[in-house]
Amino acid sequence: MKRSLVRYNKKMKVALVYDRVNKWGGAERVLLALHEMWPEAPLFTAVYDKKRAPWANVFDVRTSFLQNIPFAVRHHEFFAWLTPLAFESFSFDEYDVIISVTSAEAKGIITKPHTCHICYCLTPTRYLWSGYDLYVQNPGLGQLDGIVRSVFPHVAPTLQRWDRIAAQKPDYYIAISQHVADRVEKYYKRKVESVIYPPVGIERMPNGGRESFFLTVSRLVGYKRIDIIVEAFNELGWPLIIIGDGRERDRLKNLAGGNISFVARHLTDEELSAYYRDCRAFVFAANEDFGIAAAEAQAFGKPVIAYKKSGVAEIVKDGQTGILFDKQTKNGLLSALRAFERRSFDPATCRKNALRFSKDRFVK
């Protein structure tokens, strides 16, 4: 039988598994928090891009055979058919506990009966399930989009079958939000043991600020729906700063008016803090799994305007610490922004709300 969670002790050997180490975002903050808890735990992953993921230099990173295949490190999306095999090729015989942090293939590792596999699920594989339609419409691969639109519907059923099989391998599921827990039960038919919100940096107290612009912090990829935000602010003419990078960056910049500015995501914590401090409100339009950036904005005492049917709705107290809008459209967001202009929000209430997502709570 697999070991029970309640029998865990510090003498057990722990390993971490993550889909791929090639970017910076909320999941990477989770991994660093886990590293603080278990500094000796190695990090297993399909591919590791040292230039794009300098945060990972504190880990003993162990990569799969994909690391040695040309173009796989920078273009992992072309090797989706090989990635499951890459994770199945790892051996975890010497470990007592495996924690996979995953939104894709890492949950498919193979462990023996004496090893307990806990999956900290970021979301069921988005492009196969909740984000399938959006991915087919806009793969975000530039000149290859047409090929992907033609081929992907034919290979998707095979990938979905593998994903369902892989989803049965973890012994326990923990979700980053109730929104994700519902998806796990819907797509994988698995019970979620608990919801544990990711750690958010809330130690910095808000210091007022100029409050001269609205702010979005996000990866610039299709499902984040930054295009909705750009279209709404184009119409209003209000100042907006978008911090982030990704495949959609050029398209969004061409879409944006002169009132919208783009800032690269490669900022220090101090630089990013200044943007949070000086903004009027944080704006988000994605059907997000959780939304660490929104929780960070609340930690700075800022209201959040976000899509209601997403994990961000678990962060925002509608009417108290922000406004949630019902329709994931330009007009839905416009209505929320105009309602925001007629209301005021207490920074202390926003700050107190963010305490629910502290690193201390995550660690416990």
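The values are calculated or read from the model by the stated rules, or taken from the named source; none is laboratory data. Bear in mind the structure is a predicted one, so any value in this text is a computation, not a measurement. Cβ atoms come from the backbone with ideal geometry, glycine included; neighbour counts cover every protein chain shown. The area values use the complete protein model at the heavy-atom level, side chains included, leaving out ligands, DNA and RNA. Shrake-Rupley method; radii C 1.70, N 1.55, O 1.52, S 1.80 Å.
Each Cα pair under 8 Å and six or more residues apart adds its sequence gap; the mean of these over the residue count of the chain is a relative contact order of 13 percent. Put a dot 7 Å past the Cα of Glu185, heading toward its Cβ, do the same for Thr268, and the two dots end up 4.6 nm apart. A DSSP coil position with no more than 16 other Cβ atoms inside 10 Å describes the following GluC sites (Glu not before Pro) in the range 126-206: Glu193, Glu203. Relative contact order for the range 14-137: 25 percent, from Cα pairs under 8 Å spaced at least 6 residues apart, divided by residue count. Please determine, in degrees from 0 to 90 and to the nearest 10, the orientation of helix 145-167 with respect to the longest principal axis defined by the Cα atoms of the chain, where the helix direction is its Cα long axis. Around 60 degrees separate the two axes.
For the range 214-300, a crude dipole built from +1 on the beta carbon of Lys and Arg and -1 on the beta carbon of Asp and Glu, taken about the Cα centre, is about 180 debye to the nearest 20.
Here the Gaussian network model covers the chain, with springs between Cα atoms less than 10 Å apart; of Ala295, Ala56, Ala156, Ala156 fluctuates the most.
Just to make sure I understand: if all protein chains stay in place, what is the order of Trp81, Trp129 by accessible area at 1.4 Å, largest first? Don't skip to the end; give the middle numbers.
Numbers: Trp81 170, Trp129 30 Å².
Putting Trp81, Trp129 in descending order of accessible area: Trp81, Trp129.
For each pair in Lys107/Lys308; Lys302/Lys330; Lys107/Lys364, compute the distance between the two Cα atoms and list the pairs where it is over 25 Å. In this structure, Lys107/Lys308 lie more than 25 Å apart at Cα. Taking a ≥ b ≥ c as the square roots of the Cα gyration tensor eigenvalues, the range 207-252 comes out oblate, since a/c reaches at least 1.5 and a/b does not exceed b/c.
Specify whether the C-alpha gyration tensor of the range 133-249 places it in the rounded, prolate or oblate class, a ≥ b ≥ c being the square roots of the eigenvalues: rounded for a/c under 1.5, otherwise prolate if a/b is larger than b/c and oblate if not. Mind dumping the intermediate values first?
Details: a/c = 3.08, a/b = 1.27, b/c = 2.41.
Oblate, since a/c reaches 1.5 and b/c is not below a/b.
When shorter helices are ignored and each DSSP H run of at least 4 residues is given -39500 (n - 2.57), the per-residue value for the chain at 222 nm works out to -9000 deg cm²/dmol. Comparing Leu240, Leu334, Leu31 in a Gaussian network model of the chain where C-alpha atoms under 10 Å apart are linked, the largest mean-square fluctuation is found at Leu334. Taking all protein chains in place and a 1.4 Å probe, what share, in percent, of the accessible surface of the range 224-311 do carbon and sulfur account for? The value for the range 224-311 is 43 percent carbon and sulfur by accessible area. Give the aspartates and glutamates reachable from Lys11 as a straight Cα distance under 14 Å; neighbours fewer than 8 places away on the same chain don't count. Counting by Cα, and skipping residues close in sequence, Lys11 has these aspartates and glutamates nearby: Glu40, Glu94, Asp96. Rounded to the nearest 10 degrees, the inclination of helix 269-278 to the longest alpha-carbon principal axis of the chain is 30 degrees. Taking Arg225, Arg126, Arg343 as the candidate residues, the one with maximal mean-square fluctuation in a Gaussian network model of the chain, Cα springs under 10 Å, is Arg343. Note on the range 251-361: along the principal axes its Cα atoms extend 42, 33, 27 Å, ordered by decreasing extent.
May I ask you to give the solvent-accessible area per residue for the chain, in square angstrom, as obtained with a 1.4 angstrom probe? Don't skip to the answer; put the middle values down first.
On the way: 16670 Å² over 364 residues.
Averaged over the residues of the chain, the accessible area is 46 Å².
Between helix 26-37 and the chain, what is the angle of the helix's C-alpha long axis to the longest principal axis, kept within 0 to 90° and rounded to the nearest 10? The angle comes out near 50 degrees. Just how far, in whole angstrom, is the range 237-252 from the range 272-304 if you go by their alpha carbon centroids? Here the answer is 15 Å between Cα centres.
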